[in-house]
1. If you check E61, E70, E74, which single one turns out to be of a type in the set (D, E) and more than 30 Å from S10 (Cβ to Cβ)?
2. Of all residues in region 43-71, count the ones that are surrounded by fewer than 17 Cβ atoms within 10 Å (Cβ to Cβ), modelled with pLDDT under 85 and under 19 Å from the mean Cα position of the chain (by Cα).
3. Can you tell me which residue is surrounded by the most Cβ atoms within 10 Å (Cβ to Cβ) among those in region 22-42 that are β-branched (V, I, T) and at pLDDT below 75?
4. Is it fair to say V104 is within 30 Å of N30 (Cβ to Cβ), of a type in the set (A, V, I, L, M, F, W, C) and either at pLDDT below 50 or surrounded by fewer than 11 Cβ atoms within 10 Å (Cβ to Cβ) (or both)?
5. Does any residue of region 114-134 turn out to be under 22 Å from N22 (Cα atoms) and exposed (fewer than 12 other Cβ atoms within 10 Å of the Cβ)?
6. Go through the residues of region 82-100 one by one and say whether even a single one is open to solvent by 40 Å² or more (accessible area, probe 1.4 Å), in a loop (DSSP other than H, G, I, E, B) and acidic (D, E).
7. Got a sec? Which of L117, L168 is of a type in the set (A, V, I, L, M), in contact with a strand residue (DSSP E or B) (Cβ under 7 Å, 6 or more places away or on another chain) and modelled with pLDDT under 75?
8. Is it the case that R130 is in contact (Cβ under 8 Å) with a residue 12 or more places away in the chain, part of a strand (DSSP E or B) and farther than 30 Å from W8 by Cα?
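The values are calculated or read from the model by the stated rules, or taken from the named source; none is laboratory data. Note that the structure is a prediction, hence the values are computed from the model and not measured. Here the Cβ is made from the backbone with ideal geometry for all residues, glycine too, and neighbour counts use every protein chain on show. Heavy atoms of the whole protein, side chains included, go into the accessibility calculation; ligands, DNA and RNA do not. Shrake-Rupley method; radii C 1.70, N 1.55, O 1.52, S 1.80 Å.
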Amino acid sequence: GLLFKWQWDSHWSAQTGLGVLNLTHAFEANNQLNVSNEQNVNLNRSSQEMNILLANQNSFEIIHRTRFVEIPLEFSRIWKTSQMTLTATAGLSGWILLENEIAVRGQNLNEQIIGNLEIQNKFTTSFNFRAGIEFKIWKEISGFIEPGLQLQILPVTNDRFSIYKHYLRQTVS
């Protein structure tokens, strides 16, 4: 991603930018007859097409891929000493959904995109906290450590994997 920083004095700065986050969740599912799609997945195939696709699969892998763009707005406080520089950063990020797809893959089945997860958040936010220390190692060589914490607010309260277990085994109309 890109990060733009504005430091208006020796102690304070603000930063914003753009970043991209790709997430993939996968799990194994067993094929069961007469289990229907429970309104969590928007399928791009009919029940008959899904039955044909998964007819010879005892089990298969369900893959959910998402891509978000992150737009952070953070503020930093800087403390300089003779030996090191300490920083504390806090702010918010907005996360906008760019991609949301569900695919299946089996032993005798190449990966097939079958739809998207309906309950996937289109927009969410996170609180960002980091603390950093920059120190001189030797002459002109310095090091920097900045561990962080990001707390994301998700409006969906269900456990993701229980949602996945419901949305596709084999759909029958």
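1. Numbers: E70 fails: more than 30 Å from S10 (Cβ to Cβ); E74 fails: more than 30 Å from S10 (Cβ to Cβ).
Going through E61, E70, E74 in turn, just one is of a type in the set (D, E) and more than 30 Å from S10 (Cβ to Cβ): E61.
2. Counting residues in region 43-71 that are surrounded by fewer than 17 Cβ atoms within 10 Å (Cβ to Cβ), modelled with pLDDT under 85 and under 19 Å from the mean Cα position of the chain (by Cα) gives 0.
3. V41
4. On the way: within 30 Å of N30 (Cβ to Cβ): yes; of a type in the set (A, V, I, L, M, F, W, C): yes; either at pLDDT below 50 or surrounded by fewer than 11 Cβ atoms within 10 Å (Cβ to Cβ) (or both): no.
No: the conditions fail for V104.
5. Of region 114-134, the ones under 22 Å from N22 (Cα atoms) are 114-130.
Those left that are additionally exposed (fewer than 12 other Cβ atoms within 10 Å of the Cβ): 122-123.
Yes; the residues of region 114-134 include at least one that is under 22 Å from N22 (Cα atoms) and exposed (fewer than 12 other Cβ atoms within 10 Å of the Cβ).
6. No, every residue in region 82-100 fails to be open to solvent by 40 Å² or more (accessible area, probe 1.4 Å), in a loop (DSSP other than H, G, I, E, B) and acidic (D, E).
7. Values: L117 fails: modelled with pLDDT under 75.
On inspection, the qualifying residue turns out to be L168.
8. Values: in contact (Cβ under 8 Å) with a residue 12 or more places away in the chain: yes; part of a strand (DSSP E or B): yes; farther than 30 Å from W8 by Cα: no.
Judged against the criteria, R130 is not a match.
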